[in-house]
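Written below as structure tokens is the structure these notes are about.
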């Protein structure tokens, strides 16, 4: 697999993640304005699949990160490392949670994804608009502003990471029990009426 | 109660079990769909990038196109130098290299194809030396690429680049991949491990430019990032065969 193929692949997947995040936001907004039973069913289904979907995205992101450093030979900069520190554990804990069906994993995954998204937002910004003064994070050997990937004129490596983190955040929000799923009371069986 | 038959599930339990099964299958569809999307995108990526490779024989890894950097990732190769080496570029004014014949360089590009820089072939030239890890080269390459996309390759001055001082551990490696990403439109030679091409031209820091007149003599040498007017002045100097003010222009990375 050439670097060009890999970059196209990961860039399109990143945009798919972004589309997922937009869909979740739009769905939430529509449901808030005019609630419908169909959307609620969809929300519940996505909620059920949320941990597995987040695990899939975190695993592909981890694989991509390792591909770029170990196979393509790009040296990760300091900011890249901070994002890796957040993404790699997500792949493991979300994977385990997906197998166990543990939606409470959101309490552990959300902070990691939020911290990672913070770094990738800043990193995406300085790759898109390199500051003249440089950044305090990086060195001449591994400059943070080098665009190792620049697909479609705007998709950089940190932008891909940002899409991945955003998707994990969206899925972890969806992993909350849907309103009707709140375990408030056992459903009662209709008892046969004896006369 | 080993002998008692297992009680059959009540109606409500059956409904719950059916609901759970339906939920599981819908979850499966969602997750399976996501995996399918990943595989589909992989297929599209293979087809899309294979197509661009066919359209652009120069390698075509860059979305911006126009690159002539071939798809190989050779980072060093033997370089043959014919002619006397230029004195190292320094602060001396006037530059002692002005008027000296520039040596002939024969080597290879990133895919092993032959590149020959022959200053005595009757055409004016600008030869640029770049290091993949040097931040000033990383700034200069997109700036020159923009200029060349806007103005086209000059018809009366040949441009060559030499990728030198390769150091994988210093990042942005391999140089071929970097230049393809940038859509670099200049024919590029890879220097040897001993940096013979760079030494022959008296390189002392990156980026480094040598303007050569049509009669094969050095007319100007400069180092550091060039602004647009400085770049245009360098082309004019090569074209006119007369010296432009040489010296350190902008920020440069020391060699070695």
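Read-outs throughout are calculated quantities, based only on the coordinates presented, and are distinct from any laboratory measurement. In this text the structure is predicted, and so the values were computed from the model without any measurement. Virtual Cβ from ideal backbone geometry, glycine too; neighbours counted across all protein chains shown.
Shape analysis of segment A:5-144 places it in the prolate category; the axes a ≥ b ≥ c from the Cα gyration tensor give an a/c of at least 1.5, with a/b above b/c.
Could you tell me whether segment B:110-155 comes out rounded, prolate or oblate from its Cα gyration tensor? Rule is a ≥ b ≥ c as square roots of the eigenvalues, rounded for a/c under 1.5, then prolate if a/b exceeds b/c, otherwise oblate.
oblate
Largest GNM mean-square fluctuation across A:159, A:137, A:63, computed for chain A with C-alpha springs under 10 Å, falls on A:137. For the peptide A:147-158, the mean number of other protein chain Cβ atoms found within 10 angstrom of a residue's Cβ is 2.
Averaged over peptide A:38-50, the number of partner chain Cβ atoms lying within 10 Å of each residue's Cβ comes to 3.
Within the listed set A:55, A:37, A:11, the Gaussian network model of chain A (springs between alpha-carbon atoms below 10 Å) gives the highest mean-square fluctuation for A:37.
Our helix-only sum for the protein assembly as shown, with -39,500 (n - 2.57) per DSSP H run of n ≥ 4 divided by its residues, gives a mean residue ellipticity at 222 nm of -16500 deg cm²/dmol. Only beta bridges with both residues in the protein assembly as shown are counted; by DSSP, about 65 percent of them are antiparallel.
Among A:2, B:109, the ranking by other beta carbons within 10 Å of each residue's beta carbon, starting with the fewest, stands as A:2, B:109. Overall shape: oblate for segment A:48-91, with the ratio a/c of the largest to smallest alpha carbon gyration tensor axis at 1.5 or above and b/c at least equal to a/b. Against chain A, whose longest principal axis comes from its Cα atoms, helix A:157-174 is set at around 10 degrees. Of the residues A:115, A:169, A:99, the one with the fewest other Cβ atoms within 10 Å heads the list, and the complete ranking is A:99, A:115, A:169. The C-alpha radius of gyration of the protein assembly as shown, expressed as a fraction of 2.2 N^0.38 Å, stands at 1.32.
Tell me the angle of helix A:3-33 to the major Cα principal axis of chain A, expressed in degrees between 0 and 90 and rounded to the nearest ten. Once rounded, one gets 40 degrees. Taking label points 7 Å from Cα along the Cα-to-Cβ direction, residue A:107 and residue B:77 give a separation of 6.1 nm.
In chain A, the longest principal axis of the Cα atoms and the axis of helix A:78-100 are about 30 degrees apart. Taking other Cβ atoms within 10 Å as a rough exposure proxy, B:193, B:149, B:140, B:225 sort from fewest to most as B:193, B:149, B:225, B:140.
Of the residues A:72, A:91, A:52, the one that moves most in a GNM of chain A with alpha-carbon contacts below 10 Å is A:72.
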